[in-house]
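The block underneath contains the structure these notes are about, expressed in structure tokens.
The values are calculated or read from the model by the stated rules, or taken from the named source; none is laboratory data. Because the structure is a prediction, the values reported are computed rather than measured. Here the Cβ is made from the backbone with ideal geometry for all residues, glycine too, and neighbour counts use every protein chain on show. These accessible areas exclude ligands, DNA and RNA; they are computed on the full protein's heavy atoms, side chains included. Shrake-Rupley method; radii C 1.70, N 1.55, O 1.52, S 1.80 Å.
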Amino acid sequence: MTFVYGDPMLERREQVWERLTRFSTTKSGPWFMIGDFNEITCHEEKVGGRSPNSSFLPFKQMLNDCGMLEFPFSRNMLSWVGKWSGNSTVRCRLDRAVGNEEWHERFPHSFFKYLRLWGSDHHPVLGDILAKPPRKSKSFKFDKRLLDNEELRQVILEGWIKHTNQ
């Protein structure tokens, strides 16, 4: 598991991508990365501000070279909110979680939520790393009229005694 912070300076951010790519050549088995990558993967991951240039291509290449795949997620993926040139709001997907194929095979039911913005200009990312699908809670219903049913009481008592004597 790797926690990533992509440097805000573009030149230094590419050094992070290079290090992660080098690390991937020595890594075997499941691998997962989560964090503030400070980069988008496409134009659709940014709303507002100047149009993004193609600076995200090295980031996409690193994800590809490392064999990283996206996880399903819920809520608003535009995880960062800022101001640009006065009062214009900018929203981008800078925070994400990715895993290699082995990770996805071992934890196929993992998913992530972008939580409510609080105390930061980034939405927190919460991950559920699951090997099995989450169990759905079943509602329990009880008919209190059964409390006065002596025959039912006897059946329950016999079952309880039988179970505890085994």
(request) Give the residue that is farthest from the chain's Cα centre (by Cα), with candidates limited to residues of region 67-100 that are under 15 Å from residue 36 (Cβ atoms) and of a type in the set (A, V, I, L, M). (result) 81
(request) Output the residues belonging to region 1-60 that are closer than 16 Å to residue 80 by Cβ, part of a loop (DSSP other than H, G, I, E, B) and either touching a residue at least 40 places away in the same chain (Cβ under 8 Å) or open to solvent by less than 30 Å² (accessible area, probe 1.4 Å) (or both). (result) 6, 37, 38, 39, 40, 41, 48, 49
(request) Say whether the condition of being open to solvent by 100 Å² or more (accessible area, probe 1.4 Å), touching a residue at least 60 places away in the same chain (Cβ under 8 Å), within 27 Å of residue 36 (Cβ to Cβ) and within 44 Å of the chain's Cα centre (by Cα) is met by at least one residue in region 106-115. (result) yes
(request) Return the residue satisfying two criteria in turn: it lies in region 119-166 and is more than 30 Å from residue 103 (Cβ to Cβ) and of a type in the set (Ser, Thr, Tyr), and of such residues it is most open to solvent (accessible area, probe 1.4 Å). (result) 139
